[in-house]
1. Taking only protein heavy atoms and a 1.4 Å probe, what accessible area per residue, in Å², does region 90-238 have with all protein chains in place?
2. Could you please state how large a percent of the accessible area of region 42-116 is carbon and sulfur, counting protein chains only and using a 1.4 Å probe?
3. How much accessible area per residue does region 2-61 have, counting only protein heavy atoms and a probe of 1.4 Å, in square angstrom?
4. Regarding region 1-115, what's the average projected area of the Cα-atom convex hull, expressed in nm²?
5. Can you pull the percent of Cα pairs in region 178-256 with separation above 21 Å?
6. Below 11 angstrom from the Cβ of Thr239, what's the summed charge of the other residues (Lys, Arg +1; Asp, Glu -1)?
7. How many percent of the alpha carbon pairs in region 281-329 exceed a separation of 16 Å?
8. Using the alpha carbons of region 251-333, what is the convex hull volume per residue in cubic angstrom, as a whole number?
Amino acid sequence: MDKVRVGIVGVGNMGSGHVGSFADGKIKNAELVAVCDLKEDRLAWAKEKKEDLVLFSDVDEMIASGVIDAIIIATPHYLHPVIAQKAFAKGVHVLSEKPAGVFTSAVREMNEAAEKSGLVFGIMFNQRKRAVCQTLKRNIEAGVFGNIRRVTWIISSWYRSQSYYDSGDWRATWSGEGGGVLMNQCPHNLDLWQWFFGMPKSIWTTLSFGKYHDIEVEDDVTAVLEYDNGMVGTFITSTGLTPGTDRLEINCDMGRVIMEDNRIFFDKNVMSEQEFTKTYKGGFGAPEFETIEIPVEGDNDQHVGILNDWADAIVFGKPLWSPGVEGIKGLTLCNGMYLSGWTGEKVTLPLDEERFNALLQEKIKNSRRKETTGGATFDLDGTYNK
């Protein structure tokens, strides 16, 4: 295969960005040959960007057409696993936009189909291609900071006005998006959390629904995550606070690490806290430290980087930066936060998927919008109609 023939389903905010990347020649080993959307004006726009595109209004027809080798899924969240499984069944490689889906049971089924197919399955976690995130992960894995004890991530930089939510009747509804800030804005942050620190043993969360906006889903979240090794994390996010903050603070044996504004600062103790505690005889006191700015190294190609990485995996068999099967990890954190917030209980992992699906079903039944965008066909117990 010289170049992968790609089709995009969904020419909204993210899909149109991908169309532009292909049209501008930024994807080396793949070419965009087809797009699919229910809206004629979006198809017309794509045709203007790249006049040789084949246009479809039905994704099943595009997948079965023989025109494409691979598909990028940029539709509403509920449809991601539906379309992915259809593509795998027809021998078509898949790149899904985030999140992997709305509930883990559907994503687990999608992952099984992907592994059975042997096809390349990626997910658009483009934040993994930020140099600052790559640098932090390398240092964590190398043990530079010592044992991590506490993590605090404040992400209030997702501010949204009411007009944003009013721009589509599917927005900020349980039936249309499957959630609010956790499901729409934070999948990247939740993926990075597990990418950096792994999966916790338990989650406790407080959620505020429509605290700052006229919406039915959450717009303010505080979650506490506990780990088997004793590490405790606090994850705070909101779409109602401005000016916003995006600050990750890591307290560790060797000091304190702060990632903010694409920079990493390390307040490095002259000796480990454990050693100081055992040997210091002066009563009050703390280790001296020096502040070091860790040089940020790596590419910053983000969306284009993930697209090229995916194409290279198909053509050359290279490993993926962002494998699609890993999407279930961040979604498990998301679903666990919802389940804890809905019930007021601490949630232990592995997640009780049946209980989560049942509670989500009630949310969807009472949602302002009764059907998902694009006529998604799924049962409210969490089973998709294929």
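1. 33 Å²
2. 47 percent
3. 52 Å²
4. Reported value for the Cα convex hull: 6.7 nm².
5. Everything past 21 Å amounts to 32 percent.
6. Charge balance in the 11 Å sphere: -1.
7. Pairs farther apart than 16 Å: 64 percent.
8. It is 176 Å³ per residue.
The values are calculated or read from the model by the stated rules, or taken from the named source; none is laboratory data. Just so we're clear, the structure is a prediction, and the values are computed from it rather than from any experiment. Don't worry about glycine lacking a Cβ; one is built from the backbone with ideal geometry, like all the others, and counts go over all protein chains shown. The accessibility values were calculated without ligands, DNA or RNA, using every heavy atom of the protein model including side chains. Shrake-Rupley method; radii C 1.70, N 1.55, O 1.52, S 1.80 Å.
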